[in-house]
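S.K.: Can you read through this structure? Questions will come right after.
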Amino acid sequence: MAKKTVLYDEHVNLGAKIVEFAGYLMPIQYAGIMQEHRRVRTTVGIFDVSHMGEFLFSGSGAEDFLQKMTVNNVKKLTVGQVQYSVLCYDDGGIVDDLLLYRYDDHFMMVVNASNLQKDWDWLAEHKPAGVNMKNISDATTLLAVQGPKSRELLQKLTDTDLSVIKFYHFTHGAVNGAQMTISRTGYTGELGFELYMDNQYGVKLWQTILSTGKGYEIEPVGLGARDTLRLEMKYCLYGNDIDQTTNPLEAGLGWITKLKKGDFIGRDVLLKVKEEELKRKLIGFQMNSRAFPRHEYPIFKNGREIGMVTSGTFSPMLNAGIGIGYVETRFADVGATFGVKIRKNLETATVVETPFYKPDN
């Protein structure tokens with residue numbers, strides 16, 4: 001039976017279209033994906049992303065354990081800093097992508113809802129003595145407030161100076177009278193904050209942010225616009241762009257894969273991949289016609305299949321079809337052209353620089 005976040009009734013009352021996603025009944029849209037997308041890009045939107053998973057790690061061995069399990073360098077994390085990373089299998093395939101938060105006496109890992117149990121089991125399987133793990137997912141409400149006006153809006157509800165929180169940093173403070181983690185992160189590319197709190201504060205804060213945000217034309221935003229917003233930034237979605245059959249290097253995540261940090265799960269295979277050079281790369285492309293691509297559409301060059309679309313949509317900001325996908329490395333350079341098979345037609349597309357859309361923040 002599908003779970004509900006504490007905000008489920010709020011979504012229903014706002015007229016949201018509800019769908020089952022990763023085992024939760026979640027809002028896919030309210031007023032409409034295009035409108036919600038543009039709202040986040042121009043003023044501010046609020047998302048319920050409480051379906052995400054949160055794990056806590058503490059104990060004397062926590063840092064070393066996370067250093068072994070993830071590809072990024074955990075030892076470089078300072079208190080109050082957030083790190084984007086991935087968990088890998090022994091063969092270099094991706095278990096999940098994640099955020100890692102360093103508090104003064106523990107770490108918090110934020111994982112994808114669809115992978116929550118799989119991630120927990122993988123971590124628990126490798127956990128040594130001296131590390132304590134706690135799953136707080138069901139007790140945690142997570143709100144994302146995103147857009148150019150997000151800081152101005154949230155500052156009205158907190159005494160914490162939000163202007164000093166740098167990108168990928170966080171603090172603990174009171175928002176609307178409730179203590180929570182205030183994180184300068186998000187999945188949209190815009191200025192924004194993610195707020196982690198006990199479930200008891202979720203409904204009241206959601207309602208307060210919506211009422212306070214009326215002067216900024218705030219709108220609630222569903223998972224549909226969350227997907228189109230992240231795609232304009234070429235942010236990967238697990239299950240589409242990355243999974244157990246892809247490795248971080250071909251997925252364009254070499255910047256977080258610290259092969260020189262010492263041993264971690266998957267490192268030996270990834271070192272070999274790097275030495276042998278990549279056979280395929282994840283690229284961004286824009287359609288040259290009004291067509292737009294979708295997940296698993298094949299990509300052709302000179303009558304031969306050279307890759308596959310992993311994510312595609314119509315970009316509300318570019319007014320064009322955009323997509324990301326894996327192609328053979330020799331076809332991955334910016335400016336290269338190929339055909340995307342959309343139904344029975346082969347529509348031309350061009351490899352472009354990413355992100356597709358560059359916010360002003």
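S.K.: Suppose every Lys and Arg Cβ carries +1 and every Asp and Glu Cβ carries -1, with no other charges. What dipole size does region 241-344 come out with about its Cα centre, to the nearest 20 debye?
M.R.: For this selection, approximately 280 debye.
S.K.: Right, next: Could you check which residue among SER163, SER315, SER183 shows the biggest mean-square fluctuation in a GNM of the chain with a 10 Å Cα cutoff?
M.R.: SER163
S.K.: Determine the equivalent ellipsoid of the chain by diagonalising the alpha-carbon gyration tensor, then write out the semi-axes as square roots of 5 times the eigenvalues, largest first, rounded to whole Å.
M.R.: Calculated on Cα positions only, the semi-axes equal 32, 28, 17 Å.
S.K.: Quote the relative contact order of region 279-352 in percent (integer), defining contacts as alpha-carbon pairs under 8 Å separated by 6+ residues.
M.R.: 40 percent
S.K.: Can I ask one more? Loop-only trypsin sites (Lys or Arg not before Pro) in region 75-179, please: DSSP not H, G, I, E or B, and at most 16 other Cβ atoms within 10 Å.
M.R.: LYS156, LYS166
S.K.: Let me ask something else about it. May I ask which of LYS3/LYS204; LYS274/LYS301; LYS258/LYS281; LYS3/LYS214; LYS4/LYS68; LYS118/LYS272 have a Cα-Cα span longer than 22 Å here?
M.R.: Beyond 22 Å between Cα atoms: LYS274/LYS301; LYS3/LYS214; LYS4/LYS68; LYS118/LYS272.
S.K.: Return the ratio Rg/(2.2 N^0.38 Å) for region 283-361, where Rg is computed over Cα atoms only.
M.R.: Output field value: 1.02.
S.K.: Modelling each spin label as a point 7 Å along the Cα-to-Cβ direction, I'd like the THR42/THR78 distance in nm, to one decimal.
M.R.: 3.9 nm
S.K.: Still on this structure, please answer the following. Averaging sequence separations of C-alpha pairs under 8 Å and six or more residues apart, then dividing by the length of the chain, give the relative contact order as a whole percent.
M.R.: Worked out over the chain, it gives 18 percent.
S.K.: Could you please tell me the mean projected area of the C-alpha convex hull for region 320-359, averaged over all directions and given in square nanometres to one decimal?
M.R.: 3.4 nm²
S.K.: Another question, if that's okay. Per Stokes-Einstein, at 20 °C and 1.002 mPa s, what whole-number D in µm² s⁻¹ belongs to region 1-74, with the Kirkwood radius over Cα pairs as the hydrodynamic radius?
M.R.: The Stokes-Einstein estimate is 141 µm²/s.
S.K.: Please sort 119-125, 226-232 by packing, taking for each peptide the average over its residues of neighbouring beta carbons within 10 angstrom, highest first.
M.R.: Order by mean packing, descending: 226-232, 119-125.
S.K.: Subtracting the Cα-Cα distance from 0.36 nm times the residue separation, let me have the gained length for THR337 to ALA174 in nm, one decimal.
M.R.: Here the segment from THR337 to ALA174 would lengthen by 53.6 nm.
S.K.: Could I ask something else about it? For the chain, what is the calculated [θ] at 222 nm in deg cm²/dmol (nearest 500), taking -39500 (n - 2.57) for each run of four or more DSSP H residues and dividing by its residue count?
M.R.: So the helix-based figure for the chain works out to -5500 deg cm²/dmol.
S.K.: Within region 330-361, name every residue whose backbone N is under 14 Å away from a label modeled 7 Å from Cα of GLU305 along the Cβ vector.
M.R.: Within reach of a label on GLU305: 340-343.
S.K.: Moving on. If amide hydrogens are placed 1.01 Å from N in the peptide plane, which non-local residues have theirs closer than 5 Å to the one on ILE242?
M.R.: Result for ILE242 returns LEU237.
S.K.: Near LYS358, which lysines are there with a Cα under 16 Å away, not counting those fewer than 8 places off in the same chain?
M.R.: Within the straight-line cut-off, LYS358 pairs with LYS234.
S.K.: Among the trypsin sites (Lys or Arg not before Pro) within region 15-61, which fall in a DSSP loop and have no more than 14 other Cβ atoms within 10 Å of their own Cβ?
M.R.: none
S.K.: May I pose another question? Let me spell out the model: positive unit charges on the Cβ of Lys and Arg, negative unit charges on the Cβ of Asp and Glu, origin at the Cα centre of region 92-189. What dipole size does that give, in debye rounded to 20?
M.R.: 300 debye
S.K.: Still on this structure, please answer the following. Placing unit charges on C-beta atoms (Lys and Arg positive, Asp and Glu negative, everything else neutral), compute the dipole magnitude of the chain about its Cα centre in debye, rounded to 20.
M.R.: Computed about the Cα centre, the dipole is about 860 debye.
S.K.: Under 10 Å, Cα contacts only: if you run a Gaussian network model on the chain, which one of VAL334, VAL110, VAL309 comes out with the highest mean-square fluctuation?
M.R.: VAL334
S.K.: Under a cut-off of 15 Å between alpha-carbon atoms, report the aspartates and glutamates in cross-link reach of LYS341, not counting same-chain residues fewer than 8 places apart.
M.R.: GLU296, GLU305
S.K.: Between GLY32, GLY130, GLY23, where does the largest GNM mean-square fluctuation fall for the chain, given springs only between Cα atoms within less than 10 Å?
M.R.: The residue with the greatest mean-square fluctuation here is GLY130.
S.K.: Dividing the Cα radius of gyration by the Kirkwood radius, what Rg/Rh value follows for region 72-171?
M.R.: Dividing the radius of gyration by the Kirkwood radius yields 1.00.
Every number in this text was worked out from the coordinates using simple rules, so none of it is lab data. The structure presented is a predicted model; accordingly, all values stated were derived computationally and were not measured. As a convention, Cβ positions derive from the backbone with ideal geometry for all residues, glycine included, and neighbour counts pool all protein chains shown.
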